[in-house]
Amino acid sequence: MQRQNNKVIIDKFCNHYCDALACTLGEFIDIRDSYEDILKLLSLEEAETLIDYAVLKNKMAGVERLNIKVPLPSLGVKALEKYGLKGSEIISAKNYASLPTSALIGDNNMLDIENLLDYSQELLSSISDFCARADMPICISIGSNLEEVGRLVNGYNMSPVEVLESFGFLDRKCLVYGLNYIDKDDQKLLKDYGIMSVFSPQDDALCGRGAINLYNFIYNDLKFGFSSGKCYNIDMLFEGKLARLNTNNLMHEGGLVTNEALLGALCENSEAKLEIELLDAQKLEVLFDKKVYLKDDGYLDLLSKVTKIATKIKEKI
């Protein structure tokens, strides 16, 4: 981070997990309870349009590295290349055995387990073994709500992170998100394995989930980053602001989350930079009130197409 006159110069952002359907159709429809039904209504061309729009929205928000959850394999990689972003496409692990070979090889693919409770022990073991053989990264959501934590503890007689350890996921290239209801012992276990933890403050707020306390992650030097999750508003600085507010409210004390810690977690370490205007007299905390918006000539055309897709889906669900 540099400050030059009335500008702050920072690296572009890294969005570790963005759901393409939620990022696009979520502007128009509450899709959380209709996700699977919507997938059945989309043509290949419509899915491609939605993914393009999701990637473009991230680019315009100053994101340079993006992990994008896609409804169909290969379209995410194609969109990332089209708009010049780094990152990976994320594919549901539920049907990984039936995915084409092209979706299961290369450095731009990741599997996704959104809820451990949706998978049998046999399938989890199979997925873990596959990720080891293919050296394929995996995203796993744990601890998003108390019910999930309680069922995991009752079913496995282990904490959520211990469940991941028992299946060998922590030995893989693993990205863990959710994390609203895991304790200090689980946090320590994540640190011991060097796992990247990912937080989605806006998504949590929209779903009414518990707020993340970043203080323990910073104090104990855990690796963490941010994502937009299933929120359609791509604003990475706001993700950082919410994380700071949540932590300060939980700890009843301000100043626990520094600008350096937030920007280090938000930004991609690259040569690509963002310039954000800030008056000389303003403190750096004001930076997180700003919104990055980079213009793109193709935005309005894609928005029009997505609006038509959303209107069609509204009439059918």
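Tabulated data
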read-out: Qualifying residue in segment 22-43 (condition: under 30 Å from Leu279 (Cα atoms) and either part of a helix (DSSP H, G or I) or modelled with pLDDT of 95 or more (or both)); value: no
read-out: Failed item in (1) of a type outside the set (Phe, Trp, Tyr); (2) buried (at least 17 other Cβ atoms within 10 Å of the Cβ); (3) under 21 Å from the mean Cα position of the chain (by Cα), with Ala205 passing the rest; value: (2)
read-out: Failed item in (1) closer than 17 Å to Lys273 by Cα; (2) assigned to a strand (DSSP E or B); (3) in contact (Cβ under 8 Å) with a residue 60 or more places away in the chain; (4) not β-branched (Val, Ile, Thr), with His16 passing the rest; value: (1)
read-out: Index of the failed condition, Glu162 passing every other in (1) of a type outside the set (S, T, N, Q); (2) surrounded by 15 or more Cβ atoms within 10 Å (Cβ to Cβ); (3) over 29 Å from Pro73 (Cβ atoms); (4) out of contact with any Phe, Trp or Tyr (no Cβ under 9 Å at 6 or more places or on another chain); value: (4)
read-out: Residues satisfying the stated conditions in segment 71-88, i.e. surrounded by fewer than 21 Cβ atoms within 10 Å (Cβ to Cβ) and polar (S, T, N, Q); value: Ser74
read-out: Sole exception among (1) modelled with pLDDT of 90 or more; (2) among the polar types (S, T, N, Q); (3) buried (at least 22 other Cβ atoms within 10 Å of the Cβ) for Ser92, by number; value: (3)
read-out: Qualifying position, being at pLDDT 95 or above, surrounded by 16 or more Cβ atoms within 10 Å (Cβ to Cβ), part of a helix (DSSP H, G or I) and not acidic (Asp, Glu), among Ile68, Ile51; value: Ile51
read-out: Filter result for the condition that a residue is surrounded by fewer than 15 Cβ atoms within 10 Å (Cβ to Cβ) and either part of a helix (DSSP H, G or I) or free of Cβ contacts under 8 Å to residues at least 40 places away in the same chain (or both), over Leu117, Leu123; value: Leu117
read-out: So Gly178, is it in contact with a strand residue (DSSP E or B) (Cβ under 8 Å, 6 or more places away or on another chain) and either surrounded by 21 or more Cβ atoms within 10 Å (Cβ to Cβ) or under 27 Å from Cys207 (Cα atoms) (or both); value: yes
read-out: Subset of segment 145-156 that is farther than 23 Å from Asp171 by Cβ and not charged (D, E, K, R) - its residue that is surrounded by the most Cβ atoms within 10 Å (Cβ to Cβ); value: Asn145
read-out: Qualifying positions in segment 269-288 - of a type in the set (A, V, I, L, M) and part of a loop (DSSP other than H, G, I, E, B); value: Ala272, Leu278, Leu279, Ala281
read-out: Cβ-Cβ under 8 Å pairs, at least 6 apart or on other chains, segment 133-147 side under 14 Å from Leu164 (Cα atoms), far side of a type in the set (Ser, Thr, Tyr) and in a loop (DSSP other than H, G, I, E, B); value: Gly143/Tyr181
read-out: Within segment 201-255, tally of residues that are of a type in the set (A, V, I, L, M) and without any contact (Cβ under 8 Å) to a residue 40 or more places away in the chain; value: 8
read-out: Subset of segment 294-305 [exposed (fewer than 11 other Cβ atoms within 10 Å of the Cβ) and in contact (Cβ under 8 Å) with a residue 12 or more places away in the chain]; value: Lys295
read-out: Leu80 in a helix (DSSP H, G or I) and within 22 Å of Leu294 (Cβ to Cβ); value: yes
read-out: Output for segment 132-143, where each listed residue is over 13 Å from Ile90 (Cβ atoms) and in contact with a Gly (Cβ under 9 Å, 6 or more places away or on another chain); value: Ala132, Ile142, Gly143
read-out: Options Lys305, Lys291, Lys295: the member that is assigned to a helix (DSSP H, G or I), of a type in the set (Lys, Arg) and modelled with pLDDT of 90 or more; value: Lys305
read-out: Boolean, Asp107 is among the charged types (D, E, K, R), at positive phi and modelled with pLDDT under 95; value: no
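Table: residues versus (1) part of a helix (DSSP H, G or I); (2) more than 23 Å from Met110 (Cβ to Cβ).
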| residue | (1), (2) |
| --- | --- |
| Ile140 | no, no |
| Leu152 | yes, no |
| Glu165 | yes, no |
| Val176 | no, no |
| Ile182 | no, no |
| Asp185 | yes, yes |
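The values are calculated or read from the model by the stated rules, or taken from the named source; none is laboratory data. In this text the structure is predicted, and so the values were computed from the model without any measurement. Neighbour counts are summed over all protein chains in view; Cβ atoms, including those assigned to glycine, are modelled from backbone coordinates with ideal geometry.
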